[in-house]
Structures are given as structure tokens and as C-alpha cells.
Amino acid sequence: MKKYPGVKVGDKLKGTISKEGVHPNPLKCCICGESVAEKASAANKAIGWLSGNNPHPLGKEGDRACDPCRALCVIPARFIDFLGDRGGVTNDLHPSHKHRR
């Protein structure tokens, strides 16, 4: 496990958990800009998953999205992207509109 200066076992941190340990600097959602760990769903908190979600098609490689933005923006954008490729619906969430909150 990676060591972080000034962080001891048992410290209550607002951070991100990964294979390397708890990162004191939390990941930020690429859509709303808030902490991914703080906005994690109760189910994800219960299993310790505080690293967010893949924001494709609204983010770039390496970005993460919080659970609320995944539900309200990312999933609809994926459907719109899927339908748009078939001559279907487009709206402000479609990546071609360059819309990000």
C-alpha cells in the first residue's frame, strides 16, 4: 500500500480509495466538479467503491464522473449517442454539442 505523509491508519479522510490506498486529494467529477467520493451512492459507499465512473462520451480519457452525474448525464448521453448514430434523437447532452456542466 502506498504511503502518504501525515496520513495514519484510522484517520478519517475525504479522499479516493484505489489499489494504492487512500488518496488525500479526492478525484473531482469532470461534469460537476465536485468530489467523486463525497457524492458516491450508498451502495457504492457500502462496498468501498469511491473512484467514480467512466464518463464516456462526456469526458476524456482518465476523467471520472460522480454517481449522480453518471445517472443524470452520462447514461442518457450514451443512449443519445447510440440513437444519434442511427439518425435518431440529439439534444444538449450529445457530445457534438460540446456541452459540459
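Scanning the range 1-54 for residues that are modelled with pLDDT of 80 or more and of a type in the set (Lys, Arg) returns Lys28, Lys39, Lys45. The condition of being modelled with pLDDT of 60 or more, under 9 Å from the mean Cα position of the chain (by Cα) and either basic (Lys, Arg) or not in a loop (DSSP other than H, G, I, E, B) (or both) holds for only one of Arg78, Arg70, Arg86, that being Arg70.
The values are calculated or read from the model by the stated rules, or taken from the named source; none is laboratory data. The shown structure was predicted, so the numbers you read here are calculated from the model rather than taken from an experiment.
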